[in-house]
Amino acid sequence: DAGVTQSPTHLIKTRGQHVTLRCSPISGHKSVSWYQQVLGQGPQFIFQYYEKEERGRGNFPDRFSARQFPNYSSELNVNALLLGDSALYLCASRGRTVAPYNEQFFGPGTRLTVL
Amino acid sequence: AQSVAQPEDQVNVAEGNPLTVKCTYSVSGNPYLFWYVQYPNRGLQFLLKYITGDNLVKGSYGFEAEFNKSQTSFHLKKPSALVSDSALYFCAVRGWNTGFQKLVFGTGTRLLVSP
């Protein structure tokens with residue numbers, strides 16, 4: 001099985017612009033979560049989607065939004081970019097069941113730089 | 001609220017020596033605990049998890065972790081370190097009663113194994 005894939009790998013934007021990041025989960029996984037990892041910190045939870053519905057949201061402003069498609073892939077959108085949005089954005093998928101003890105499998109991330 | 005503390009920014013150890021990376025947690029109820037490793041420019045790779053039962057958990061690449069409920073700790077260990085173990089290690093916790101699949105990460109510990 002292929003792992004979690006994310007695109008693009010790197011992205012450079014300027015302040016005020018909009019960005020869309022994409023994620024494809026492991027085949028058969030229905031849950032996708034997004035995390036933001038600022039340099040020198042641990043990942044911070046942004047969203048979780050399961051069966052195309054938002055199941056959880058972290059402490060991020062409304063400029064951040066996401067959706068999940070029928071094939072369980074997901075997009076993370078960020079509007080009105082700020083310098084502080086520069087980070088590695090990680091997508092994670094979870095196993096075929098969403099038991100709380102199931103580990104998440106992470107993609108390689110998208111490195112976003114906002115100038 | 002859930003939280004994780006990794007008190008050491010960096011751990012230095014010589015190849016062949018045992019290593020320990022420390023983690024303490026705070027969560028309501030029983031915890032689900034995880035260790036992930038991150039290599040440069042890569043996403044997070046799952047190492048091991050504690051759900052319930054045996055306090056000593058064995059994981060990938062020869063790593064193990066010891067769960068101590070009274071000390072609310074979940075330290076990562078390896079009997080004999082390899083240079084290739086040099087990476088960034090993250091401890092994460094999820095509370096059993098969290099309504100969605102949010103993982104709370106520590107700030108990470110950089111492990112440096114010298115030849």
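Within segment B:5-50, can you find the residues that are under 15 Å from B:N68 (Cα atoms) and out of contact with any strand residue (DSSP E or B) (no Cβ under 7 Å at 6 or more places or on another chain)?
Within segment B:5-50, just B:N30 meets the criteria.
Restricted to segment A:38-48, and to residues that are over 10 Å from the mean Cα position of the chain (by Cα) and buried (at least 22 other Cβ atoms within 10 Å of the Cβ), which residue is nearest to the other protein chains (Cβ to nearest Cβ)?
A:G42
Could you list, in sequence order, all residues of segment B:25-66 that are among the β-branched types (V, I, T), without any contact (Cβ under 8 Å) to a residue 40 or more places away in the chain and part of a strand (DSSP E or B)?
Matches in segment B:25-66: B:V57 only.
For segment B:18-57, how many residues are within 16 Å of A:N102 (Cα to Cα), under 13 Å from the mean Cα position of the chain (by Cα) and either among the β-branched types (V, I, T) or more than 11 Å from chain A (Cβ to nearest Cβ) (or both)?
Selection size over segment B:18-57: 1.
Picking from B:E15, B:E64, which residue would you name as being more than 28 Å from A:W34 (Cβ to Cβ), in contact with a helix residue (DSSP H, G or I) (Cβ under 7 Å, 6 or more places away or on another chain) and among the charged types (D, E, K, R)?
B:E15
Just checking, how many residues over segment B:1-24 are among the small types (G, A, S), modelled with pLDDT of 95 or more and assigned to a strand (DSSP E or B)?
2
Identify all residues within segment A:8-34 that are within 24 Å of A:L82 (Cβ to Cβ), open to solvent by 30 Å² or more (accessible area, probe 1.4 Å) and within 13 Å of chain B (Cβ to nearest Cβ); write none if there are none.
Once the filter is applied, which keeps residues that are within 24 Å of A:L82 (Cβ to Cβ), open to solvent by 30 Å² or more (accessible area, probe 1.4 Å) and within 13 Å of chain B (Cβ to nearest Cβ), segment A:8-34 yields A:T9, A:H10.
Can you tell me which residue within segment B:67-80, out of those that are assigned to a strand (DSSP E or B) and not aliphatic (A, V, I, L, M), is most open to solvent (accessible area, probe 1.4 Å)?
B:K77
How many residues are buried (at least 20 other Cβ atoms within 10 Å of the Cβ) and of a type in the set (G, A, S) if we restrict to segment B:1-57?
1
Kindly provide the set of residues from segment A:50-69 that are part of a strand (DSSP E or B) and either among the hydrophobic types (A, V, I, L, M, F, W, C) or at the interface with another protein chain (Cβ under 10 Å from one of its Cβ atoms) (or both), ordered by number.
A:Y50, A:E54, A:R55, A:G56, A:R57, A:F64, A:A66
Tell me which residues, restricted to segment B:93-115, are of a type in the set (A, V, I, L, M) and either modelled with pLDDT under 95 or assigned to a loop (DSSP other than H, G, I, E, B) (or both).
Listed by number, the residues that qualify are B:V93, B:L103, B:V104.
The values are calculated or read from the model by the stated rules, or taken from the named source; none is laboratory data. In this text the structure is predicted, and so the values were computed from the model without any measurement. Reconstructed Cβ throughout: ideal geometry from the backbone, glycine too, with neighbour counts over all protein chains shown. What goes into the accessible areas is simple: the full protein's heavy atoms, side chains included, and nothing from ligands, DNA or RNA. Shrake-Rupley method; radii C 1.70, N 1.55, O 1.52, S 1.80 Å.
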